[in-house]
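The values are calculated or read from the model by the stated rules, or taken from the named source; none is laboratory data. Predicted, not measured: the structure shown is a model, and the values here were computed from it. So basically every Cβ, Gly included, is an ideal-geometry build from the backbone, and we count neighbours across all protein chains shown. These area figures cover heavy atoms from the full protein model, side chains too; ligands, DNA and RNA do not enter into them. Shrake-Rupley method; radii C 1.70, N 1.55, O 1.52, S 1.80 Å.
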Amino acid sequence: MFNKTFLLTVFAALTMNASAINIQTQISIKQPGNEAKVIQLQADGNQLKSADGKTLPLHISAQLANDGNDQVYTVTIKADATTYYNFGAQLATGIKSADSEFYLPGFWYHRNLRSPKEAPAFHTSKSWNFREDRLSSPMTSVYDEANGKSVAVIRQLDTPQECMTTHQAGEIILSGETSLGYLGLDCEQQEAKLTFGYPYIETPKRYIRKLTLAAPVFAFAKIEKGETKTIQWRISQTEAKDFGEHVTLMWQRCFDNLKPQALKPLFTPEEMKKGLTNYFRQSYVSNYPLKYNSGHTLLTSDCKPFPEAQVGFCGRVLLNAFNAIEYGEQHGEQDLVTMGNEILESYLQHGFTSAGYFYDNVNFTRGFPSDDKVVHSIRQQSEGVYAILLYLKYEKAHGRRHPQWEARIKGILDGFLKLQKADGSFARKYHDNGTDVDGTGGSTPSSTSALVMGYRYFGKKQYLEAARRTVDYLEQNIISKSDYFSSTLDANCEDKEAAIAAVTATYYLAAVTKGKERQRYIDLCEKAAYFALSWYYMWDVPFAQGQMLGDLGLKTRGWSNVSVENNHIDVFVFELPHIVNWLGQQKGNLRFLQMHDVIFNSLSQLMPTPERLCGIAVPGFYPEVVQHTTWDYGMNGKGFYNNLFAPGWTIASLWEMYSPTRTDDFLKK
Amino acid sequence: MYKKTNLRLAMTLMAMLTVLPSCSSNDTGSAVAPVPEKPSVPQQEVLTEADPTIFVDTDGTYYLYGTGSNSDTGFYVYRSADMKNWQGPVGKANGFCLTGATSYGTTGFWAPQVVKRGDTYYMFYTANEQIAVATATSPMGPFTQQEKKCIATPGKAIDPFVLFDTDGKFYLYHVRLQEGNRIFVAEMTDDLMGIKEETAKECIHASERWENTAQASWGVTEGPTVLHLGDIYYMFYSANDFRNIDYAVGVATASSPYGPWAKSPEPVINRANIGYYGTGHGDMFKDAQGQWNYVFHTHNSFTEVSPRKTAVVGLTQNSQGFGVTNGTFHYLYKE
């Protein structure tokens, strides 16, 4: 068995300082049928040899070369005999473990201590190794809180290759080629280390689905006699004043290194919207008091509707209804207009509790929840308000007024004024009478856009004031701490949506303020944007033949991980792309402008059409849980989807991306 | 089916156990509120006569007929003085104006059309996928035959429409089921009881994209209504399978009752301009104000085809033929 207790008998090079690198290395060699042997290496000039003097079947050399401010570490393995091997290294960072926080893009932030012990975090172990495809950029990095230093190791990408394996855990000999190595961290001792190697290992556990750790894996690659394999990593150091700046600088490093290029999109925005309207038609449910497009808990294999309606979150019933109305009218498809209006009318009649809030969720096999038991989330209420205000503004522009809807929305926003706490936050969840169910404030920024829009529509200044206070809370508790957590309703950890909520909130305030105040919001927006973008892939993970996503030619650049607990990718973007584009123009940030194009052009890749369904039963039902790494919700693992999905929000998200002027049209005109 | 259902259920249960669903509504509480109250104002019942036709009698009374829920028995008839409120069914035989007791047919009573000649009312209709004609002295029936029989055609035939042309001849437009539902014309005998088969000619079949959006091997054009206005013959017809949401009405024109027919490239009535699915299979009539109207049916809802609902929309003649008059669409309701 692979022995992860390393004997520190020899140092490979000079100690860690501004110009010298300390890397310890080992090679594991597996004879098929035997447990692998771990051999510590020591440097002899450029050669890495067995520390105990034994002859290895491999010639291994390691070179460190300066490249600007970075160093490139190149390991070359030449086989004297056919060998099954795993090469590993540890970079001693010179940073105390006690002062260390880590950033592995899209997967690990700080110490992941908001995650429970069932997810990768310091709770379980202070030493972790992960396969590279889990990470939105193949980088591991450490930040020294005490001294403001940053150190990173970035894998230099090889030609993408991946192969299937006979089993998932323990020692496995790969059946073919993989380009995937591993990256990780080690704080078991006083000095923090960054770990890396090839091919991949995952220790002490693999993270195979949400809150599920499984037995570790150690992959061995085959190298034929006479063959040579070269692997490279870039080592980068800098200084940062806080973890947030560390993430910003590391994101920039990754961007400059990986240079993500925008793909040629498969479909234009108009073609995408036209295709997505099939979802409006095919998902429509009209046999309950609330009419809705069925948006969650659908099987990918048949897309049949589920008897539950959600105002926002996964279902996004109201936003989809408005999108159908707007599209139907613009394109002369009156049936979509009728359908959307039926949905909204049903909510106007039956969609409110005694206190005047939306029913967040109604499951029609259970019935409407009684008002004393119903639970609201500030997020879903805000998403509902957002959708209806878009609708009201649109209708007003077409000479139609809806005083009943206006009264309802004002009622909710006035309710927000009462719910808001002294520190500007909102409880994540609350009862119909306003008392807390979950008082944590991580969902606060989801209310900001609703409040700002309410201010614009109704002219009520208290809404703007409340919005300002949400961003004061946001800045103090989330942005300044670089701790973007708790926006989803089913988890409480670092997640992408929390960062996007922060970006959106600050953007909305920047749109309706002036001068120094506006500049403050722009600066906060940019800070949050780096965090949000840290979830977005800058590279294309390899797939093996037979893994459907690879067979479809999916390039993962522009897609994004969900959270540190949910390691699959999806199309959650909503307003982020146009805000990133705007920031790029405001700040002259060319990387943002480029990254906008990467995301914008990439997300049409899995559009189900009659000719190319992409594994979904019905055209237009855009997939959700895209498994791009070792992730398995019970259906086929990497290269496939979960068998249940929520197209309600995927359609809404893409629709927002393809309607980039919508926010400004509302706020500024 | 059982196995497939069980498999789906098992998959759903397994997935929900393993997935830790992220969109679940477990936090909405278990206590259930009463179902929202029905509105205090009782809602009017919409008429559900499919393939409808409206006959306007000489006194201005409107009579509505169609393929109803009793299509295995016969036809109902509804009556209205103002086209808004409909009484009925008012047929003289228990609401029916025609049944298989007195006229040809044991099943499939579809798509009737009523015309008046002298003092006699004629009902042309489909039953058992054949065309028959019965007579009555009242638009409320009973429409009867002296001898129960259908009009002889080679093979199956449905959807009759009779044009009383300006040259004194009578033309039976109808659908023959031959490699699709195809619209034919044939001159009728003077007694309106038969056709001159030697005059039968195909008018149209499904050839345009909008007429066959599902690209079915059995194309459908059906439900013809023909007007002769000035020098032009206008044929209103429906295309696609009736269960298709794209079921729609097109117009073709000709300078002779036999064609050749030039089709409108796009439908005149469809879900895009009406706002509901499955629009079609109706009839043209003029209202009391002399305006053209088309009575037709739509699907019951966006999710259910049946029972189909009866509706009317105004049509305006323009340089391209006919177009929907904005704001005139409405369903028909029982009084």
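Rounded to the nearest 10 degrees, the inclination of helix B:2-19 to the longest alpha-carbon principal axis of chain B is 40 degrees.
Inside 10 Å of the C-beta atoms of A:366-374, what's the mean count of C-beta atoms belonging to other chains? If you can, show how the numbers build up before the last one.
Working: counts 6, 7, 7, 8, 7, 3, 3, 7, 5.
Going residue by residue through A:366-374 and averaging, the value is 6.
Would you tally the net charge around A:THR338, using a Cβ to Cβ cut-off of less than 12 Å, leaving A:THR338 out, and scoring K and R as +1, D and E as -1? Walk me through the intermediate numbers first.
Details: positive: A:ARG281, A:LYS291, B:ARG271; negative: A:GLU329, A:GLU333, A:ASP335, A:GLU342, A:GLU345.
Every neighbour counted, the sum reads -2.
For region A:581-669, the set of GluC sites (Glu not before Pro) satisfying both a DSSP loop assignment and a count of at most 14 other C-beta atoms within 10 Å is given as A:GLU611. Using R₀ = 60 Å, calculate the FRET efficiency as 1/(1 + (r/R₀)^6) where r is the Cβ-Cβ separation of B:MET193 and A:ARG400; round to 0.05. So the FRET efficiency works out to roughly 0.65.
For region A:534-647, a crude dipole built from +1 on the beta carbon of Lys and Arg and -1 on the beta carbon of Asp and Glu, taken about the Cα centre, is about 300 debye to the nearest 20. The overall shape of region A:276-319, judged from the alpha-carbon gyration tensor, is rounded, with an a/c ratio under 1.5.
When we measure straight from the Cα of A:LYS78, which lysines land under 19 angstrom away, once same-chain ones fewer than 8 places off are left out? Output for A:LYS78: A:LYS30, A:LYS37, A:LYS49, A:LYS54, A:LYS222, A:LYS225, A:LYS229.
Note on exposure: A:ASP472, B:ASP190, A:ASP360 ranked by accessible area (1.4 Å probe, complete protein assembly) read B:ASP190, A:ASP472, A:ASP360, with the most exposed listed first.
Under 5 Å between amide hydrogens, built in the peptide plane, is the criterion, and for A:ILE39 it picks out A:ILE27, A:SER28, A:ILE29 among residues at least 5 positions away or on other chains.
In region A:578-643, the C-alpha radius of gyration followed by the widest Cα-Cα span (Dmax) gives 16.0, 45 angstrom. Under 15 Å from a point 7 Å along the Cα-to-Cβ line of B:THR106: which residues of region B:133-158 have their amide N that close? Counting only backbone N, you get B:148-150. Sort region B:216-294 into rounded, prolate or oblate with this rule: let a ≥ b ≥ c be the square roots of the eigenvalues of the Cα gyration tensor; rounded if a/c is under 1.5, and if a/c is not under 1.5, prolate when a/b is larger than b/c, oblate otherwise. Oblate, since a/c reaches 1.5 and b/c is not below a/b.
For region A:337-492, the alpha-carbon radius of gyration amounts to 1.05 times the rule-of-thumb value 2.2 N^0.38 Å expected for a compact globular protein.
Taking Cα atoms, how many degrees apart are the long axis of helix A:403-419 and the longest axis of chain A, rounded to 10 and kept between 0 and 90? The two axes meet at around 50 degrees. Against the criterion of solvent-accessible heavy-atom surface with a 1.4 angstrom probe, A:VAL362, A:VAL437 sort, most first, into A:VAL437, A:VAL362.
Please report the carbon-and-sulfur percent of the accessible area for region B:158-222; probe 1.4 Å, protein heavy atoms only, DNA, RNA and ligands left out.
Working: 1360 of 2920 Å².
On region B:158-222, the fraction of accessible area on carbon and sulfur atoms equals 47 percent.
Each residue was assigned an accessible area with a 1.4 Å probe, and for A:HIS167 the value is about 80 Å². Expressed as a whole number of Å, what is the distance separating the alpha-carbon centroids of region A:62-139 and region A:310-378? Between the Cα centres of region A:310-378 and region A:62-139 lies a distance of 46 Å. Each residue was assigned an accessible area with a 1.4 Å probe, and for A:THR82 the value is about 70 Å².
Remark on region A:553-669: ratio of C-alpha radius of gyration to 2.2 N^0.38 Å is 1.15. Among A:PRO403, A:ALA146, B:SER207, flag the residue with its Cα farthest along the positive direction of the charge dipole of the protein assembly as shown, charges on Cβ as +1 for Lys/Arg and -1 for Asp/Glu. Of the listed residues, the answer is A:ALA146. Relative intensity of the protein assembly as shown on a log10 scale, I(q)/I(0) at q = 0.04, 0.05, 0.10 Å⁻¹, equals -0.27, -0.41, -1.12, per a Debye sum over C-alpha point scatterers of equal strength in the absence of solvent. Tell me whether region B:162-260 comes out rounded, prolate or oblate; compute the Cα gyration tensor, take square roots of the eigenvalues as a ≥ b ≥ c, and use a/c under 1.5 as the rounded threshold. Here region B:162-260 falls in the prolate category. Looking at the P(r) of region A:97-205, how many percent of alpha-carbon pairs lie beyond 22 Å? Looking at region A:97-205, the distances longer than 22 Å represent 32 percent of pairs. Accessible surface for A:CYS614 stands near 10 Å², nearest 10, in the context of the full protein assembly shown (1.4 Å probe).
For chain A, calculate the relative contact order in percent as a whole number, restricting contacts to Cα pairs under 8 Å that are 6 or more residues apart. Don't jump to the answer; show the numbers that get you there.
Numbers: 1521 pairs, mean separation 89.5, N = 669.
Across chain A, relative contact order equals 13 percent.
On a per residue basis, the convex hull of the C-alpha atoms belonging to chain B measures out at 199 Å³.
For region B:237-335, dividing the convex hull volume of the Cα atoms by the residue count gives 123 Å³ per residue.
With protein chains left intact and a 1.4 Å probe, residues in chain A average 34 Å² of accessible area per residue. Only the Cβ atoms of Lys and Arg (+1) and of Asp and Glu (-1) were treated as charged; on that basis the dipole of region B:150-281 about its Cα centre amounts to roughly 360 debye. Just to confirm the number: angle between the C-alpha axis of helix A:243-258 and the first principal axis of chain A, 0 to 90 degrees, nearest 10? So the inclination is approximately 70 degrees.
Check each of the trypsin sites (Lys or Arg not before Pro) in region A:412-487 and keep only those in coil by DSSP with at most 15 other C-beta atoms within 10 angstrom; list them in order.
Working: sites: A:LYS418, A:LYS421, A:ARG428, A:LYS429, A:ARG456, A:LYS460, A:LYS461, A:ARG468, A:ARG469, A:LYS481; in loops: A:LYS421, A:ARG428, A:LYS460, A:LYS481.
Passing sites in region A:412-487 are A:LYS421, A:LYS481.
Note on surface exposure: A:TRP582, B:TRP86 rank A:TRP582, B:TRP86 by accessible area, highest first, 1.4 Å probe.
Taking the Cα centre as origin and putting +1 on Lys and Arg beta-carbons and -1 on Asp and Glu beta-carbons, what dipole magnitude results for the protein assembly as shown, to the nearest 20 debye? Please report the intermediate quantities before stating the final value.
On the way: 93 positive and 104 negative charges, 371 e Å.
In debye, rounded to 20, the protein assembly as shown gives about 1780.
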